[in-house]
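S.K.: I'd like to ask some things about the structure below.
The values are calculated or read from the model by the stated rules, or taken from the named source; none is laboratory data. Keep in mind the model is a prediction, meaning the values are calculated, not measured. Note that we place each Cβ from the backbone using ideal geometry, even for glycine, and neighbour counts take in every protein chain shown. When the accessible area is computed, the model is the full protein with side chains, heavy atoms only, and any ligands, DNA or RNA have been set aside. Shrake-Rupley method; radii C 1.70, N 1.55, O 1.52, S 1.80 Å.
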Amino acid sequence: MFTFKIDEDISLKLPEAADADRVFELTDNSRNHLREWLGWVDMTKRVEDTKAFIQIARKGYIENKSLTTFILYKGEIAGTAGYNEIDWTNKVAYIGYWLGEGYQGNGIMTRVAKALTDYAFMELNLNRVDIKAAYENKKSRAVPERLGFVEEGRIRQAEWLYDHYVDHIVYGMLKEEWKR
């Protein structure tokens, strides 16, 4: 079982079936907030949908293709973060994340993204970490910017969100830059 303590308030854990009710409740209570930037929200209608997500996340971990974790803030699940994909051939991890609406503004995601970047470079010996966020998603973009990631470009109409396309900004960090 993967667990990773970041500090006194925050740790990461692998998703378990027993977490489904809490994560669905967090998603449901934050639905309008999350829906603005996450295309999967409308497809998460029942706790069974969250259970299916947990199974997919665990399969990705077992197959060493991804690492999805639940963020524990003061012992309570507050969101998810991890590597949506790990490209072992090119030694790249792609970080993705979301927080429940009531947990924002506490610096949680910046600490989590920093820890995931450290882990990618120090433990997994990867060379690069990428974070993508919608151009207008200022809160999500602020995370890699605070951590010194380089803004590398804009992917036009990268994602369809319900009734419109959004552009993505790509941020990258190289292992040699992170050490500095």
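S.K.: Does segment 83-166 come out rounded, prolate or oblate, given a ≥ b ≥ c as the square roots of the eigenvalues of its C-alpha gyration tensor, rounded meaning a/c under 1.5 and, failing that, prolate meaning a/b above b/c?
M.R.: It is oblate, given that a/c is not under 1.5 and a/b is not larger than b/c.
S.K.: Shape verdict for segment 1-45, please, from the Cα gyration tensor: rounded (a/c under 1.5), prolate (a/b greater than b/c) or oblate.
M.R.: Here segment 1-45 falls in the prolate category.
S.K.: Can you give the Rg to Rh ratio for segment 1-105, taking only C-alpha atoms and Rh from Kirkwood?
M.R.: Over the Cα atoms of segment 1-105, Rg/Rh equals 0.95.
S.K.: Relative to the Cα centre, what is the charge dipole magnitude of segment 1-150, using +1 at the beta carbon of each Lys and Arg, -1 at the beta carbon of each Asp and Glu, and rounding to the nearest 20 debye?
M.R.: Charge dipole of segment 1-150: 260 debye, to the nearest 20.
S.K.: In the chain, carbon and sulfur make up what percent of the accessible area (probe 1.4 Å)?
M.R.: 47 percent
S.K.: Kindly provide the GluC sites (Glu not before Pro) of segment 1-39 that DSSP labels as loop, not H, G, I, E or B, and whose Cβ sees at most 10 other Cβ atoms within 10 Å.
M.R.: Glu8
S.K.: Could you calculate the contour length gain from Arg156 to Thr110, that is, 0.36 nm times the residue separation minus the distance between their Cα atoms, to one decimal place in nm?
M.R.: Taking Arg156 through Thr110 to full extension adds about 14.0 nm, to one decimal.
S.K.: A further question follows. Which GluC sites (Glu not before Pro) does segment 98-145 hold that lie in a coil by DSSP with at most 11 other beta carbons within 10 Å?
M.R.: Hits after loop and neighbour filter: Glu123.
S.K.: Quick one: Karplus J couplings for segment 67-81, per residue in order, coefficients 6.51, -1.76, 1.60, θ = phi - 60°, nearest Hz, x for Gly and Pro?
M.R.: Here the 3J(HN,Hα) series is 8, 9, 10, 9, 8, 9, 10, 6, x, 10, 5, 10, x, 10, 7 Hz.
S.K.: Related question: Provide Arg46, Arg128 ordered by accessible surface of protein heavy atoms (probe 1.4 Å), highest first.
M.R.: Arg46, Arg128
S.K.: For segment 1-51, with every protein chain kept in place, what is the accessible area per residue (1.4 Å probe, Å²)?
M.R.: Solvent-accessible surface per residue comes out at 58 Å².
S.K.: What are the membrane-span-like helices in the chain by this rule: whole DSSP H runs, Cα extent along the axis at least 15 Å, mean Kyte-Doolittle hydropathy at least 0.5?
M.R.: For the chain, where a helix must reach 15 Å along its axis and average at least 0.5, the hits are 108-122.
S.K.: Using a cut-off of 10 Å between beta-carbons, work out the net charge of the residues near Lys51 (Lys and Arg +1, Asp and Glu -1, Lys51 not included).
M.R.: -3
S.K.: Next question, about the same structure. Compute the longest continuous run of the chain that contains no exposed chymotrypsin sites (Phe, Trp or Tyr not before Pro); treat a site as exposed when its DSSP state is not H, G, I, E or B and it has at most 13 other Cβ atoms within 10 Å.
M.R.: After excluding every exposed loop site, the longest remaining stretch is 89-161.
S.K.: Given Cα pairs under 8 Å that are at least 6 residues apart, what percent is the relative contact order of segment 26-180?
M.R.: 17 percent
S.K.: Relative to the compact globular guide of 2.2 N^0.38 Å, what is the alpha carbon radius of gyration of segment 51-98, as a ratio?
M.R.: Rg over 2.2 N^0.38 Å, computed on Cα atoms: 1.20.
S.K.: Sorted from largest down, what three extents in whole angstroms do the Cα atoms of the chain have along their principal axes?
M.R.: Over the chain, Cα extents along the principal axes are 43, 39, 32 Å.
S.K.: Another question, if that's okay. Restricting to lysine pairs 8 or more places apart or on different chains, what number in the chain have Cα atoms under 19 Å apart?
M.R.: For the chain, qualifying lysine pairs total 22.
S.K.: Calculate the length of the line joining the C-alpha centroid of segment 118-180 to that of segment 57-110, in whole Å.
M.R.: Result: 14 Å between the Cα centres.
S.K.: Additional query: With springs connecting C-alpha atoms under 10 Å apart, model the chain as a Gaussian network and identify which of Lys132, Lys74, Lys114 has the largest mean-square fluctuation.
M.R.: Highest fluctuation among the options: Lys74.
S.K.: Can you classify segment 97-140 as rounded, prolate or oblate using the Cα gyration tensor, where a ≥ b ≥ c are the square roots of its eigenvalues, rounded means a/c under 1.5, and otherwise it's prolate if a/b beats b/c and oblate if not?
M.R.: oblate
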